[in-house]
Structures are given as C-alpha cells and as structure tokens.
1. Please go through segment 89-119 and pick out each residue that is touching a residue at least 60 places away in the same chain (Cβ under 8 Å) and within 24 Å of residue 168 (Cβ to Cβ).
2. If you scan segment 1-57, which residues turn out to be in contact with a helix residue (DSSP H, G or I) (Cβ under 7 Å, 6 or more places away or on another chain), β-branched (Val, Ile, Thr) and farther than 21 Å from residue 124 by Cα?
3. Restricting to segment 107-159, name every residue that is among the hydroxyl-bearing types (Ser, Thr, Tyr), at pLDDT 95 or above and more than 24 Å from residue 74 (Cβ to Cβ).
4. Regarding residue 28, is this residue in contact with a Lys or Arg (Cβ under 8 Å, 6 or more places away or on another chain) and either in a helix (DSSP H, G or I) or not aliphatic (A, V, I, L, M) (or both)?
5. Having 3 or more residues that are more than 15 Å from the chain's Cα centre (by Cα), within 21 Å of residue 43 (Cβ to Cβ) and among the aromatic types (Phe, Trp, Tyr) is the bar; report the strands (runs of 3 or more DSSP E) wholly within segment 84-158 that clear it.
6. Scan segment 58-83 for residues that are within 14 Å of the chain's Cα centre (by Cα), assigned to a loop (DSSP other than H, G, I, E, B) and under 21 Å from residue 127 (Cβ atoms) and jot them down.
7. Name the single residue that is farthest from residue 3 (Cα to Cα) among those in segment 57-103 being crowded, with 16+ Cβ neighbours inside 10 Å, touching a Leu at 6+ places or on another chain (Cβ under 8 Å) and β-branched (Val, Ile, Thr).
8. Are any residues in segment 120-143 of a type outside the set (Phe, Trp, Tyr) and in contact (Cβ under 8 Å) with a residue 40 or more places away in the chain, and if so, which ones?
Amino acid sequence: QLMGPAYPKTMEREWTLLNHFNVSNEQLSQSQAILQDYKNLMGLNHGHLNPSGHHPDSSSRTATFTLTNIVPQDEKLNGGAWNNYEQQTMIRRTQGCNTTYVVVGAVPGNNYIAKGRVNKPSYLWSSACCEVDTNQRKAWAVIAENDKNEVQLLTLGDLEDVLTHLYGRGQVSL
C-alpha cells in the first residue's frame, strides 16, 4: 500500500483496508485516491491502466481494481477504442507469444477531479513485447488522447519518442 510499510505489501481494495486494517478514509486519502474522488463523474469513468481482462485468475483480476491502478478516463474512449485495443488488438498481437511483458502509463494533464485531488491524464499509453521463440521477439505500442475515442498503434521506438516529447523530462526508454 502507498500508506506505509506497516500495511500489506499486496495492493488491497479500499473496502479491505477500511474494514480489516483499521484505516480511516482520511488516512487513506492522504496517499492515494479513494472511491469518493470518483463520485459524480461527468463524461469520465474508472480507467484501468493494467486491465483486469489481461489476468488469468480471480485474485489477479481483483488486484487491478485498486485505485492506484485507476485513472479518470474519457468514457467514450474507455468503452470504445481503448476497450478494442485491450480486447482485440492485444489478443491478436500476443498470438504465438510464449511470454508477454506490458508497460502502461498515463501522461499527466491540466485538469483534475475531486477538487484537485486526482489528475485527469492527457494521454494513456501501453507498450508490450513478447518472446515468440528463442530467436524472435516482437513489440508494439499504443497511445490515446484522453478526450478522443481514437487509439494510435505505434512501434515501441515511436512511442518512446512521443513520450519523450510529452513528458519533457529527458529521453524515455521502455
């Protein structure tokens, strides 16, 4: 947990922390988003950075619902082009892969929800690579503006260049 080393090393959902670890909502809100931050969203919903559908078992899927894995995402993007990427493009791209590695992220934006507590990212991105066999690897990446229902498929190198520009803090290497 982000609250400190005295709390579980596993990412627990808000309900579990409040009911089993004697944590108050106020304590939790000092280090991370809480469910109250996502109340009354207009045109946004809970966007998973690491999608639950990419996990093989119930325990792994449940872990993706922690608010440290959630960002305010445009509801049309989340239910449209981004969902298509998660459900179709990733499945197609990972065919023939032995092991797939995924790195995801969000580029901070200029807008906030919850009275300034939670940043609404300007972009969401995902990159992946996999081993097909001992001599062959493949990689791909996507990026989406968080107010448009469009996902752009890129090479890994192109995503690194775009992120270097967007973050403006030196070369990004994935």
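1. First pass over segment 89-119, keeping only residues touching a residue at least 60 places away in the same chain (Cβ under 8 Å): 89, 103, 107, 113-114, 117-118.
The answer is 103, 107, 113, 117, 118.
2. Matches in segment 1-57: 23 only.
3. 155
4. Taking the combined requirement at face value, the residue does not satisfy it.
5. Qualifying strands (runs of 3 or more DSSP E): none found.
6. 64
7. Per the stated criteria, the residue is 89.
8. As a first pass, look at segment 120-143 and keep what is of a type outside the set (Phe, Trp, Tyr): 120-122, 124, 126-139, 141-143.
Matches in segment 120-143: 120, 121, 122, 124, 126, 127, 138, 142.
The values are calculated or read from the model by the stated rules, or taken from the named source; none is laboratory data. Please read these numbers as outputs of a predicted model, since none were measured by experiment. Cβ sites come from the backbone with ideal geometry, for glycine too, and all protein chains shown count toward neighbours.
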